[in-house]
1. Using the crude model of +1 on Lys and Arg Cβ and -1 on Asp and Glu Cβ, and no other charge, please compute the dipole size for the chain relative to its Cα centre, in debye to 20.
2. Got a sec? How would S103, S208 order by Cβ neighbour count within 10 Å, fewest to most?
3. Over what distance in Å are the Cα centres of the range 67-134 and the range 208-262 separated?
4. May I ask which residue of L119, A222, A94 lies farthest towards the positive end of the charge dipole of the chain, with charges of +1 (Lys, Arg) and -1 (Asp, Glu) on Cβ and the Cα centre as origin?
5. Net charge near R158: determine it from the other residues with C-beta under 10 Å of the C-beta of R158, scoring Lys and Arg +1 and Asp and Glu -1.
6. On alpha carbon coordinates alone, what is the Rg over Rh value for the range 13-145, Rh being the Kirkwood radius?
7. Could you put V44, V110 in order, starting from the residue whose Cβ has the fewest other Cβ atoms within 10 Å?
8. Provide the net charge surrounding R202, with neighbours chosen by a C-beta distance below 14 Å and charges set as Lys +1, Arg +1, Asp -1, Glu -1.
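Only the coordinates and a few stated rules stand behind these numbers; no lab work does. Keep in mind that what you see is a predicted model, and the values were worked out from it rather than measured. Because the Cβ atoms are built from the backbone with ideal geometry, glycine has one as well, and the counts that use them run over all protein chains shown.
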Amino acid sequence: MDSPEIFDRQLRRLRRDRAAPGFAGFDFLRAHMLDGIAERLGSVKYAFTDVLDLGCGDGTFALPGARIARVDAGYGFARTARGVQADEDRLPFADHSFDLIVSAGVLDTVNDLPGALTLARRVLRPDGLFLGAFVGAGSLPALRTAFTAGEGERPAARLHPQIDVRGAGDLLMRAGFALPVADSETLTVRYSGLFGLLRDLRGMAATSLLPAPAPLSRATLARGAEAFAARADPDGKTAEQFEIVYLTGWSPAPSQPKPARRGSATSSLAAALRKPPAVPG
């Protein structure tokens, strides 16, 4: 018997389709993640030729000289990016098809994330690199507080379960990646009110995908808006935080150094991004 899924797949596709036409006006979070991925990629002295943009959005990721295949769960994004529509845990690609996979902003809403990472490792060639980024644990504390205050003693589940850095590193190892690294950073965005934050979340297709959500009444929203405003700084704006988790892992290959003992793999991002030398011949 299959276990129930965390996220509503059809709703996820619909939300991404709804966001696609105006996504350029709300892409700041994905753009920030792509900047972080580009920084990490810049530390790798290797010319990647076949790249998969996993959860491609509107297809803004670019890598000069590389062939880029794009996939997104939403038809609108896939069409805009001239890619393939597919869920990240149901990839339609053959094993060893790519030498680089990048993924920005989607892994936190994948039903079978361990399976998605395992598939990503399988479609990578030996010595291929995976670089991912997603919203992790500790994100949206102001929104969480606002909803709790708005709903009183029996708050409904409105925010997704979130993965912390340690859990993300464990998932990389579980999926079979070599030299796994998970690290994080905090992005702070300031809002004049709760509805500005909700508008951004809708625009980036980041609203709740939990199955059968409880209705959100106007009274609840009004109380939540008051609680959100109560956290404001003297200038009237409330700070909201996005904790961004970055993942780095290599597809195993004989040329790679042996991993250190368990627990030390996330200690050095620079070492993990240093491309191991190829075996001659």
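1. Details: 34 positive and 31 negative charges, 47 e Å.
Magnitude of the dipole: close to 220 debye.
2. S208, S103
3. 21 Å
4. Of L119, A222, A94, it is A94.
5. On the way: positive: R144; negative: E151.
Here the charged neighbours net out to 0.
6. Result: Rg/Rh = 0.96.
7. Listing V44, V110 from fewest to most nearby Cβ atoms yields V44, V110.
8. So the environment of R202 carries a net charge of +3.
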